[in-house]
Amino acid sequence: MRKILFFIILFIFCQKKDTFENDKELVNQILKENKEMISIYSFLEKRPIDFSYSSFLLPSDTTYQNQKVFEKIAHLLSFYRLSYDTSSFDSLRFFIENKDTFCEITHLDSNRHTIAIIQYDSLWQIFFNDIGVLESIKKINYGIKEYEKIYPIRAKKRIIFKKQSGKYQFYKISPTNSFFPNLDTAPEIDFINLKNKFSITIDSGFFKNFFSLEELPNFSINDSITIEIKIKKDSLKDYLVFLHYSNQRVLFKRNNNIFYLKIKLNKKGINYLTIEILSPQTLFYFKEKFIYHLYQIPVFIE
């Protein structure tokens, strides 16, 4: 009797193991098919993109900073990013909520060396005397020059797939919130409005959760939406705010402390609107760190 019971248990265990391995393969296949959408750093340009932008001198630029000649970029031509030492890891957890119907995935992306290549053709030179008093300011024009900054990207997404009729489908998905070098230094969003026929307001708490498809901001293909963003602190700084969507990088316009743009939605299914906020030090100052805050907002387009 014990021998029969042992074989029954072994048979059930083997069936369960086979089911698990099969389901694991199905989930990994979906992850592979949606790699570009799920990857956190897939928005990186990897090629030069024209970006004509002039900077102006701030009061802090003409304050002595322990160097007799202080330099700041006056006009940018472009910037783009290359990535090295990238890795990703998917942690799969089955048998949640309702036996083997669901699979939760924690997707972790790590890019230790993102290289920002910044091209410019002119810069400000601010001269100080031996006791730190401002002497003169010059604007120097060049041909095309470039410099590099290296910084990391590390963040995670959480996804739940639901098994229906033998196939796994997206069921819940999380936003992404990533920053460097730390939350206190990186610019932070107060709220985001997505406006179409209706308005959806997203606050910072949104980025701590994950949502079913029914809870995601929902739009129709070819809808035009207006995105408005307010930054929490230091709103008078000359932040640069970009939207990365459908292989485009679009600069937000600014009206006082509100950044805004209008974009047409052209990809069906789950998509991420990637919002990138860069501090002015990031692009215009040679010796400052690359400071950013990255938000990826999932939307569903039908």
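By how many degrees, 0 to 90 and rounded to 10, does the Cα axis of helix 2-33 deviate from the longest principal axis of the chain?
Taking the Cα atoms of the chain, the angle to 2-33 is about 30 degrees.
Scaled to the compact-protein estimate 2.2 N^0.38 Å, what is the alpha-carbon radius of gyration of the stretch 25-65, rounded to two decimal places? It would help to have the intermediate numbers written out before the result.
Details: Rg = 21.0 Å, N = 41, 2.2 N^0.38 = 9.0 Å.
In units of the globular-protein estimate, the stretch 25-65 measures up at 2.33.
Give the label of the value calculated from the structure for volume of the Cα convex hull per residue in Å³, choosing from (1) 162; (2) 130; (3) 144.
Matching the structure shown: (1).
Excluding S224 itself, what net charge comes from residues whose Cβ is under 9 Å from its Cβ, given Lys and Arg +1 and Asp and Glu -1?
+1
Using θ = phi - 60° and the Karplus curve 6.51 cos²θ - 1.76 cosθ + 1.60, what whole-Hz ³J(HN,Hα) does each residue of the stretch 105-119 get, with Gly and Pro shown as x?
With the stated coefficients, the stretch 105-119 comes to 10, 9, 9, 10, 10, 9, 10, 5, 10, 8, 9, 8, 9, 10, 9 Hz.
For Cα pairs less than 8 Å apart in space and 6+ apart in sequence, what is the mean separation divided by the residue count of the stretch 244-291, i.e. the relative contact order in percent?
After rounding, I find 29 percent.
Compute the separation of the alpha-carbon centres of the stretch 252-288 and the stretch 148-162 and state it in Å as a whole number.
Measuring centre to centre over Cα atoms gives 18 Å.
Can you tell me, using C-alpha contacts under 8 Å and at least 6 residues apart, the relative contact order of the chain as a whole percent?
Rounded, it is 15 percent for the chain.
Between S220 and E21, what FRET efficiency comes out of the Förster formula 1/(1 + (r/R0)^6) with R0 = 41 Å and r the beta carbon distance, rounded to 0.05?
Efficiency, rounded to the nearest 0.05: 0.55.
In 10 Å bins starting at zero, report the fraction of Cα pairs in the stretch 48-127 per bin as a rounded %.
Cα pair-distance distribution for the stretch 48-127, in percent: 15, 23, 21, 17, 12, 10, 4, 0.
Just list whichever of K262/K287; K46/K138; K68/K287 have alpha carbons separated by over 26 Å in the model shown.
Exceeds cut-off: K262/K287; K46/K138.
Mean residue ellipticity at 222 nm from the helices of the chain, using -39,500 (n - 2.57) per DSSP H segment of n ≥ 4 over the full residue count, to the nearest 500 deg cm²/dmol?
That calculation yields -4500 deg cm²/dmol at 222 nm.
If you bin every alpha carbon distance in the stretch 185-273 into 5 Å steps from zero, what whole percent lands in each bin?
3, 11, 23, 25, 21, 12, 4, 1
Can you put I221, I159 in order of Cβ neighbours within 10 angstrom, beginning with the fewest? Don't jump to the answer; show the numbers that get you there.
Numbers: I221 12, I159 23.
In increasing order of surrounding Cβ atoms, one gets I221, I159.
Starting from the Cα of K138, move 7 Å in the Cα-to-Cβ direction to define the label point; list residues of the stretch 66-96 whose amide nitrogen is under 13 Å from there.
Answer for this model: 69-71.
Determine the sum of side-chain charges near K138: Lys and Arg each +1, Asp and Glu each -1, restricted to other residues whose C-beta is under 14 angstrom from that of K138.
Residues near K138 contribute 0 overall.
Grab the other residues whose beta carbon is less than 10 angstrom from that of P175, score K and R as +1, D and E as -1, and report the net.
That sum, taken over residues with Cβ under 10 Å, equals +3.
Every number in this text was worked out from the coordinates using simple rules, so none of it is lab data. Worth saying up front: this structure is predicted, and the values here are computed from it rather than measured. Counting neighbours? That spans all protein chains shown, and the Cβs are built from the backbone with ideal geometry, glycine included.
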